[in-house]
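First the structure, in the form of structure tokens, and then the observations on it.
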Amino acid sequence: MNNDTVLAARGLRKDYGKGEALVRAVDGVDLDASQGETVAVMGPSGCGKSTLLHILGGLDRPTDGEVWLADRRIDRLGERDLARMRRTDVGFVFQAFHLMDELTAVENVELSALLAGHAARVARRRATDLLERVGLADRAGFLPSALSGGQRQRVAIARALSNEPLVVLADEPTGNLDSASTLDVLQLFEDLHEAGQTLVVVTHDARIAATADRLITMRDGAFIDETRLTGGTTGRLGDLAGMDG
Amino acid sequence: MTWPEWMVETVGRVRLVARLAARDLRRRPAEAALLLVTIVAATTTLTLGLIVRELVGDPYQSTRGATAGPDVVAVMAPPPGETPGQPSGQPTDIAALEDLTEADSVVSHSGPYPAAGAELEAKGQTGQTVDVQVIGRDTTPASVDRPELTQGGWVQESGVVIEAAFADAKGVTVGDQITLNGQPFDVAGIAVTAASSPYPKATCYSACAFDATPDELSEVPTWVLREPGLVWVTRSDALGLASEPDSMPYVLYLQLEDPDEAREFVNTHGPRDFSVPGLLVWQDILEESSYLVRDAQRVFLLGSGLLSLMAMATVAVLVVGRMADQSRRVGLLKAVGGTPRLVAAVLLAEYVAVALLAALVGLTLGWLAAPLLTEPSVGLLGAAAPSLSLYTIGVVTGVALVVAVIATFVPAVRAARSSTVVALSDTAHAPRRTNWLIAISSRLPTPLLLALRTLGRRPRRVVFSILGIAVTVSGPVAAVAGYAQLDEQLAAGGSRAESVERLLPVLMVIMATLVALAAVNAVFVTWATVLDTRHASAVARALGATPQQVSAGLATAQILPALAGAILGVPGGIGLLFATDDNVPSLPPFWQFAAVVLVAVVLIALLTAMPARSGGRRPVVEILQSERG
């Protein structure tokens, strides 16, 4: 691991079932994500991408192997410590958004900060700033049901950034979005990249993958290819994706 | 034979509704069973309350038939003296009694018989005397009121017959020796009569005190009899026991042409002053004979009221929970052509079917249990023969249906009228947004934040939970508030103590049923909440809430309504006591009510701990992957 490695995995394995029914979702994965780096993981459905992401974020536990976040081994942490780690060090973006239906956009965004113990006023101010950053300041008081898919995902991204995490883990962030909304989200990731946010993105979308610093291809639970891309480091994600207008 | 088309269509529709309703009930057997048990608890108690009253009539009527019981008992007291209640020493106007026998509607009579107050001391109980009324009877059988001997023989010189309930209470049997006012007598027999209600409510022919506490009894004048027993002696013995043989009460038993005209007879010949006899009709004696049953009936009706409310709250919670689950099914039904009316009919049919079954089970259980709880007094003949009148069947079935329909009608109609697309997308039961709760909760620690937001998602469920707990707690609160009175009555002994002792187990069973239903309700509501909030809980955990915080939030979401309900149950219970008892003692200290509230809340906390803990530890990834927004 380099000194600037934020997130690392060694010999990661995840099995489901036993005997003949055993399924190896993740099979001996090693990964390093450096500070400010964007890593894209691509592969067919069921190849273990999402499982890997969940393990990296402490939502799931590996059968074997190690996960390190900011020089701290997290795969052996108890549920309580994992939860605390998720509060401050990890931001999740899900394909299905997973917003609370009964909370407005700003309330959804501030929830992470409230759970992290920030004062209500501080959490609200930060949520309002983040919504402005994702271009939804005028939608702060809207319920998710009144927002488009792209707007919902931008709210989810704002929520993921609420506690200034070390790493943002995005699981198919454009999987439920139309082209225009995908562009919005790409633009946001570009902004995050420029701001030095470490990102690990699991995706089917080649346009997103093409914007990363590194592209990892996964099949049957294992990494089969890794490509270092030049474009990603320039921060011109949108250009590379061919979606600048 | 060809059936008309409309009939075929109707039968087909009914069969379809029945089949769909039955399948849905079978799909969730635990909920259906809980629904059934809840309504059965209410219908059983109600059945007991309604038929228990009818039960006592049978033994009394049997006794009346076997003993040629009088329709009217006439009592002529000696002229009063200057001191109220005390005789003047003037002779009793027996002729005034005899005049009654000449009345047109009187077909038969016996007496007048002399009656005297005396003190009885049983063998082996030296110094312990009890008050009795002795009635001087002929040694030959009378035409009206022939006490039925359950042991021994009829009165003879120095041989007395003791009323059965009194003999039972005092442990006196045939052959025992007793003293009356110090004079020795043998117990020749034990008998029952319909001319007096059984001990300790024996019909009184002079001044008597009943249901008095020891303090009250100490203030009663010595010439007043204290809960007297009834003893038959010969005429000469009765006269021998009286301090003033010429100035003692006389009793006359009358049979009328039509017993149902007894009250009219009293209205015509009833007392205007001390110069005419006092009259008592057989219905009054029946009423006095059934005081135990009256108390039991009050307890059952009260209990069934509480249980019905509890059942309604439980059914409402179940229905609201099921409707959320059924919205997709409703969508499917409508998508394949089901009309809103058909959908509503299917949903209502489920609960109506359960209610009808619960009414049937409740009627049966109540009918079977009634004799166990109201065994006839030893002072009456014949076993209790419970019967279900059409009135009872109608009321019990009606209450069961009302409980089910009130709780299900609105959700069923709403589900039926919902848009097919919305129902299919399963967003028909999106959580509610409660602005003020969300605003307040953002300033609170995480478990409270999660709890208040959980409560705000389903306000109706919260209301039903509060109602359920309030109803449950009001029972024990009423018991605590009335305990001082019960305790006093138990300590005082006598008839009230017997009544209390007999009813305490019944009260306990009703309380236990209420508490059991509330417990099941609490666990069910917590599970429903865990399932309903599984997505929100998973998101909260993904955002950094610990399993302990989520569990604490879920548990607190049950405890807060429980606390509100328990607090509401205090005035509810006190109100209940005042509404059902005219003689409410001063209320116990506040800490006793606070203890009831505390115990209720702690119990709810314990009951909900397990499902709440489980809810906080459900696998996050699994839930997030299964719930696509």
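Data overview
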| item | result |
| --- | --- |
| Subset of segment A:54-71 that is in contact with a strand residue (DSSP E or B) (Cβ under 7 Å, 6 or more places away or on another chain) and in a helix (DSSP H, G or I) - its residue that is farthest from the other protein chains (Cβ to nearest Cβ) | A:L56 |
| Flag for B:A169 being more than 30 Å from B:T101 (Cα to Cα), in contact (Cβ under 8 Å) with a residue 24 or more places away in the chain and of a type outside the set (D, E, K, R) | yes |
| Residue list for segment A:204-223, filter: more than 11 Å from A:T38 (Cβ to Cβ) and either touching a Pro at 6+ places or on another chain (Cβ under 6 Å) or at pLDDT 90 or above (or both) | A:I216, A:T217, A:M218, A:R219, A:D220, A:G221, A:A222, A:F223 |
| Extreme residue, modelled with the lowest pLDDT, among residues of segment B:125-155 that are surrounded by fewer than 14 Cβ atoms within 10 Å (Cβ to Cβ) and touching an Asp or Glu at 6+ places or on another chain (Cβ under 9 Å) | B:G127 |
| Test: residue in segment A:18-35 that is modelled with pLDDT under 90 and either buried (at least 18 other Cβ atoms within 10 Å of the Cβ) or part of a loop (DSSP other than H, G, I, E, B) (or both) | yes |
| Odd one out for B:L100 among (1) surrounded by 15 or more Cβ atoms within 10 Å (Cβ to Cβ); (2) within 21 Å of B:P228 (Cβ to Cβ); (3) touching a Pro at 6+ places or on another chain (Cβ under 7 Å) | (2) |
| Residue match in segment A:210-227 (condition: surrounded by fewer than 21 Cβ atoms within 10 Å (Cβ to Cβ) and among the polar types (S, T, N, Q)) | yes |
| Given (1) touching a residue at least 12 places away in the same chain (Cβ under 8 Å); (2) away from chain B (no Cβ under 12 Å), index of the condition A:F97 fails | (2) |
| First in segment B:431-448 and more than 7 Å from every other protein chain (Cβ to nearest Cβ) and touching a residue at least 12 places away in the same chain (Cβ under 8 Å), second anywhere and of a type in the set (S, T, N, Q) and surrounded by 18 or more Cβ atoms within 10 Å (Cβ to Cβ), Cβ under 8 Å, 6 or more apart | B:P447/B:Q549; B:P447/B:T556; B:L448/B:S441; B:L448/B:T556 |
| Evaluation of B:V172 against (1) touching a Cys at 6+ places or on another chain (Cβ under 9 Å); (2) farther than 15 Å from B:R226 by Cα (one fails), failing number | (1) |
| Conditions (1) closer than 27 Å to A:H193 by Cβ; (2) facing chain B (nearest Cβ under 9 Å); (3) without any contact (Cβ under 8 Å) to a residue 60 or more places away in the chain; (4) in contact with a Gly (Cβ under 6 Å, 6 or more places away or on another chain); number of the one not met by A:I74 | (2) |
| Residues satisfying the stated conditions in segment A:51-95, i.e. among the small types (G, A, S) and crowded, with 22+ Cβ neighbours inside 10 Å | A:G57, A:G58, A:A83, A:G91 |
| Failed criterion for B:T47 (all others in (1) more than 26 Å from B:N521 (Cβ to Cβ); (2) surrounded by 12 or more Cβ atoms within 10 Å (Cβ to Cβ); (3) modelled with pLDDT of 80 or more hold) | (1) |
| Filtered residue count, segment B:170-211, keeping only those that are surrounded by 18 or more Cβ atoms within 10 Å (Cβ to Cβ) and touching a Gly at 6+ places or on another chain (Cβ under 8 Å) | 17 |
| Residues of segment A:100-132 satisfying the condition of being without any contact (Cβ under 8 Å) to a residue 12 or more places away in the chain, more than 7 Å from chain B (Cβ to nearest Cβ) and hydrophobic (A, V, I, L, M, F, W, C) | A:A119, A:V122 |
| Test result for B:A122, surrounded by fewer than 24 Cβ atoms within 10 Å (Cβ to Cβ) and of a type in the set (A, V, I, L, M) | yes |
| Condition check for B:Q61: in a helix (DSSP H, G or I) and modelled with pLDDT under 80 | yes |
| Any hit, segment B:287-308, residues being part of a strand (DSSP E or B) and modelled with pLDDT of 75 or more | no |
| Among the candidates B:V343, B:V336, B:V352, residue that is at pLDDT below 80 and of a type in the set (A, V, I, L, M) | B:V336 |
| Hey, A:T51 within 12 Å of another protein chain (Cβ to nearest Cβ), more than 12 Å from the chain's Cα centre (by Cα), assigned to a helix (DSSP H, G or I) and farther than 23 Å from A:V155 by Cβ or not | yes |
| Yes/no for B:I604 being in contact with a Lys or Arg (Cβ under 6 Å, 6 or more places away or on another chain), surrounded by 15 or more Cβ atoms within 10 Å (Cβ to Cβ) and part of a helix (DSSP H, G or I) | no |
| Checking B:L241 against (1) crowded, with 23+ Cβ neighbours inside 10 Å; (2) in contact with a helix residue (DSSP H, G or I) (Cβ under 7 Å, 6 or more places away or on another chain); (3) farther than 30 Å from B:P259 by Cα, the condition it does not meet | (2) |
| Subset tally (residues that are within 13 Å of chain B (Cβ to nearest Cβ), surrounded by 22 or more Cβ atoms within 10 Å (Cβ to Cβ) and either among the acidic types (D, E) or part of a helix (DSSP H, G or I) (or both)) for segment A:149-184 | 9 |
| Single condition A:A83 does not satisfy, out of (1) touching a Lys or Arg at 6+ places or on another chain (Cβ under 9 Å); (2) closer than 20 Å to A:Q197 by Cβ; (3) in a helix (DSSP H, G or I); (4) facing chain B (nearest Cβ under 10 Å) | (2) |
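The values are calculated or read from the model by the stated rules, or taken from the named source; none is laboratory data. Fair warning: this is a prediction, and the values are worked out from it, not measured in the lab. Every residue, glycine as well, gets a Cβ built from its backbone with ideal geometry; the counts of neighbours run over all protein chains shown.
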